[in-house]
1. Out of all the residues in the stretch 232-244, is one or more modelled with pLDDT of 95 or more, small (Gly, Ala, Ser) and surrounded by fewer than 16 Cβ atoms within 10 Å (Cβ to Cβ)?
2. If you go through the stretch 97-108, how many residues are in a helix (DSSP H, G or I), touching a Leu at 6+ places or on another chain (Cβ under 7 Å) and either at pLDDT below 85 or not assigned by TED's automatic domain parsing to the domain that holds Arg198 (or both)?
3. May I ask you to list the residues in the stretch 118-132 that are touching a residue at least 12 places away in the same chain (Cβ under 8 Å) and not in a helix (DSSP H, G or I)?
4. For a quick check of your reading: which helices (runs of 4 or more DSSP H) sit entirely within the stretch 1-96 and have at least 2 residues that are in contact (Cβ under 8 Å) with a residue 60 or more places away in the chain and either in contact with a strand residue (DSSP E or B) (Cβ under 6 Å, 6 or more places away or on another chain) or within 30 Å of Glu190 (Cβ to Cβ) (or both)?
5. Restricted to the stretch 154-191, and to residues that are hydrophobic (A, V, I, L, M, F, W, C), modelled with pLDDT of 95 or more and more than 19 Å from Gln22 (Cα to Cα), which residue is surrounded by the most Cβ atoms within 10 Å (Cβ to Cβ)?
6. Is it fair to say Ser151 is under 21 Å from Val212 (Cβ atoms) and buried (at least 19 other Cβ atoms within 10 Å of the Cβ)?
7. Farther than 22 Å from Ser117 by Cβ, of a type outside the set (Phe, Trp, Tyr) and buried (at least 17 other Cβ atoms within 10 Å of the Cβ): does that describe Arg198?
Amino acid sequence: MELLSVKEAAALLGVDDSRVRQLLHDGKLQGQRVGGRWLVAGDSVRDRKDRGRRSRRPLSARNAWGVLAVLDGHQPVGLSDAEKSRVRTRLRNLLAHGQLSPALVQELLAARAEVRSYRVHSGVLPVLLAAQDVVRGGASAAAQAGADYISLGPAEIYVHPDRVEKLEAAFGMVRDEERGNVSVRIPPSEMWPFLTSRSEAPGQGHDVPASVVAADLLDLHESRADAAAAGLLESLLTRYAQPRKV
């Protein structure tokens, strides 16, 4: 098997070294650690490059959140009336042609938030997940959304961009792309009201809406997570496709 250095893989994919390490950490590239450094499987790099040529360009963050809001029965935030109309038209067209597969949803929504990996002491992790400035997402919110998925992997949370530094200091959060136990997504600030729109019991923290849970699970690229996300999407799309009452 051909093995490439991180720098060689980055050059082939047209990205920087840190992006290759993130892809390895997320399981989207195959590789192995030898002597403290990554070696990347050449076939894995070429396969990803070929998929990139064929794949659709992700939606902008604003439009991605517009799609998620519409799927969850909310008015999109931060979009003009014309943009809202385009989001709904695109959804209807994809549904009408049977093209809105989980794989396509993942591609379209990939740019919705910045993603960081942190290491946090396990003793404070439950407190972090219930913190006022945090909204649980993905695997950490799957049960509340009705998804049949349990993970022993990293906790998943959303944090308002203005509150990241505050949380880092309060919980001793350290950036660690290789051994992190918390995946932090940082969305555009104007999307925060939608992310916190689910009513929760006082002191129990917040969970993201079901459409966001589905998108987060698809980012895991793991068969059980894909199946759970597909179940959520099927329910959301069925509701969306039903005729509106006048």
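1. No, the stretch 232-244 contains no residue that is modelled with pLDDT of 95 or more, small (Gly, Ala, Ser) and surrounded by fewer than 16 Cβ atoms within 10 Å (Cβ to Cβ).
2. Number of matching residues: 1.
3. Selection gives Tyr118, Arg119, Val120, His121, Ser122, Val124, Ala130, Ala131, Gln132.
4. Helices (runs of 4 or more DSSP H) meeting the threshold: 17-25, 61-71, 81-96.
5. So the residue we want is Val159.
6. No.
7. Spelling it out, Arg198 is indeed farther than 22 Å from Ser117 by Cβ, of a type outside the set (Phe, Trp, Tyr) and buried (at least 17 other Cβ atoms within 10 Å of the Cβ).
The values are calculated or read from the model by the stated rules, or taken from the named source; none is laboratory data. Computed from a predicted structure; not experimentally measured. All Cβ positions, even for glycine, are placed from backbone atoms using ideal geometry, and neighbour counts span all protein chains on display.
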